[in-house]
Amino acid sequence: MEKPEKETGERHAARAEILSLSDTDIRFAAKALAAGRLVAFPTETVYGLGADAFNSAAVAKVFAAKGRPRFDPLIVHIARIEHLALVADIDALPLRPREKADALCRAFWPGPLTIILPKTREVPLLVTSGLPAVAVRLPDHDAARKLIELSTGAVAAPSANPFGGLSPTRAEHVLEGLGNRIDLILDGGRTGIGVESTVVSLSSDGEPRILRPGGLSREAIEAVIGPVAVSKEVSVKEGQGIAAPGQLPSHYAPRTGLTVHGPEEMAALPYRALEGYLFFSAASRLSWLQRRPSALPEEASRLIRTLSETGNITEAGANFFDMLHGLDRIPLSVIRAEQAPECGVGTAINDRLSRAAAAAGPQPPAVS
Ligand code: TXA
Ligand code: MG
């Protein structure tokens, strides 16, 4: 079908235009990016809100559209490992961190790994919030890579949600959260991994640190480069830069309040109308149901979600934001969420849950 308005590349839709992953649409979106417009696109983790990483004015629009404070730096996405030199000066690193960075990129790119490296002069300070280092990622998603390759080779992209909210795993989530503030959304369906990338930094003597747990597990990283430290929550002082603002104690939050519970506590929760339940597995849902004295009313099933029937951690990650978005659409008083096992992507799930709970503030007690 002909879409003549696209050929000008100038029309600013009041509501974002949804595009497919066809060659024509990706080319159109790439042109728009190169022209300084904002394009949301799928990756294997979550949807990103992209701008040309070399264009400060375009990058400024990303901060404005998300309502994101400028002290929270953006990840730059590249399409090929050979393009890393466009944005990062890996040779500026001392030998030990350079070797580890190299090993990580080779092992996990393309994939859900973001690595902090010295930036090149071409990357505007706005992208890195004034830091001398840039976060770089090579996504494992064909359409994303094609888009990046056909634009300027470097796309700055945070998750495509209003600041502090749930990350988007479908084009509809992007439309709902940012539809009036951005130009284009490439619709690639539901994302595969479902939680954001793991952000890793290396100290000058080569000590690796996970700044944000994510789709790549600590175990997988340690298998390649040995022991890795994990950052605790970062407290932020006004006007100061922070190592990883995704580490803000409150973030990734639904609009509905949320509380987090260990498996036993979850099983003991009373059923209350207007409360939503996010179970980790069918086993935990069944042990909760067994303790309910009588059959639950029909509408209760509408308020119950299970991250993975079989308790598969990867599947749980893929469903995590998607199910939270679903529960968040229902007018509930609170969402009661069960912690995941602390392994693989479970660490990232638990991290996001505790930040969502912190953002929500005090909630009605689970047991009264
Ligand atoms: O999977 C992902 O990482 C997604 C997709 C779109 O690629 N992106 C994403 O971006 O989650 P965002 O902006 O929501 O989270 C980026 C994280 C934040 O915690 C930010 O503070 C950290 O990366 N970060 C970015 N640049 C940094 C830098 N120069 N130094 C330290 N941390 C940085
Ligand atoms: Mg984000």
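Keeping to the stretch 28-63, report how many residues are within 16 Å of ligand 2 (Cβ to nearest atom) and of a type in the set (S, T, N, Q). Before you say what the answer is, go through the steps one by one.
Kept after step one, since they are within 16 Å of ligand 2 (Cβ to nearest atom), are these residues of the stretch 28-63: 38, 40-51, 59, 62-63.
Within this subset, residues satisfying the condition of being of a type in the set (S, T, N, Q) are 43, 45.
Of the residues in that region, 2 qualify.
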Seminar exercise, completed: Scanning the stretch 170-195 for residues that are part of a helix (DSSP H, G or I) and of a type in the set (Asp, Glu) gives Glu172, Glu176
Exercise. Within the stretch 175-190, which residues are surrounded by 19 or more Cβ atoms within 10 Å (Cβ to Cβ) and acidic (Asp, Glu)?
Worked result: Asp183, Asp187
Seminar exercise, completed: Just one listed residue, out of Gly189, Gly214, is in contact (Cβ under 8 Å) with a residue 24 or more places away in the chain, out of contact with any Gly (no Cβ under 6 Å at 6 or more places or on another chain) and away from ligand 2 (no atom under 16 Å from the Cβ), and it is Gly189
Seminar exercise, completed: Among Ala157, Ala143, Ala133, the single one that is under 16 Å from Ala16 (Cβ atoms) and either touching a helix residue (DSSP H, G or I) at 6+ places or on another chain (Cβ under 9 Å) or near ligand 1 (Cβ under 8 Å from one of its atoms) (or both) is Ala157
Problem set entry | the stretch 115-143: number of residues that are touching a Gly at 6+ places or on another chain (Cβ under 8 Å) and either more than 16 Å from ligand 2 (Cβ to nearest atom) or of a type in the set (Val, Ile, Thr) (or both) | 6
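Residues in the stretch 179-195: is at least one of a type in the set (Asp, Glu) and either more than 17 Å from Phe108 (Cβ to Cβ) or within 10 Å of ligand 1 (Cβ to nearest atom) (or both)? Give the steps one after another, and end with the answer.
Step one: list which residues in the stretch 179-195 are of a type in the set (Asp, Glu), which gives 183, 187.
Restricting the remaining residues to those that are either more than 17 Å from Phe108 (Cβ to Cβ) or within 10 Å of ligand 1 (Cβ to nearest atom) (or both) gives 183, 187.
Yes; the residues of the stretch 179-195 include at least one that is of a type in the set (Asp, Glu) and either more than 17 Å from Phe108 (Cβ to Cβ) or within 10 Å of ligand 1 (Cβ to nearest atom) (or both).
Out of all the residues in the stretch 124-163, which are part of a loop (DSSP other than H, G, I, E, B) and farther than 12 Å from Pro73 by Cα? Explain how you work it out, then say what you get.
At the first step, the residues of the stretch 124-163 found to be part of a loop (DSSP other than H, G, I, E, B) are 124, 129-132, 138-141, 151-154, 157-158, 160-163.
Within the stretch 124-163, Leu138, Pro139, Asp140, His141, Ser151, Thr152, Gly153, Ala154, Ala160, Asn161, Pro162, Phe163 meet the criteria.
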Exercise. Gly153 passes all but one of (1) surrounded by 23 or more Cβ atoms within 10 Å (Cβ to Cβ); (2) more than 16 Å from ligand 2 (Cβ to nearest atom); which number fails?
Worked result: (1)
Exercise. Out of all the residues in the stretch 334-364, which are part of a loop (DSSP other than H, G, I, E, B) and in contact with a strand residue (DSSP E or B) (Cβ under 9 Å, 6 or more places away or on another chain)?
Worked result: Gln339, Ala340, Pro341, Gln363, Pro364
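Yes/no matrix, rows are residues, columns are (1) away from ligand 1 (no atom under 12 Å from the Cβ); (2) over 11 Å from Pro158 (Cβ atoms); (3) under 16 Å from the mean Cα position of the chain (by Cα); (4) of a type in the set (Asp, Glu):
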residue	(1), (2), (3), (4)
Pro42	no, yes, yes, no
Tyr47	no, no, yes, no
Ala53	no, yes, no, no
Ala58	yes, yes, no, no
Ala65	yes, no, no, no
Pro73	no, no, yes, no
Ile81	yes, yes, no, no
Leu84	yes, yes, no, no
Asp89	yes, yes, no, yes
Problem set entry | Scope the stretch 111-135; condition more than 24 Å from Leu95 (Cα to Cα) and surrounded by 23 or more Cβ atoms within 10 Å (Cβ to Cβ); matching residues | Pro112, Val127
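Values quoted throughout were computed directly from the atomic coordinates according to the rules given, and no laboratory measurement underlies them. The structure displayed is predicted, hence computed values, not measured ones. No Cβ is skipped: glycine too gets one built from the backbone with ideal geometry, and neighbour counts run over all protein chains shown.
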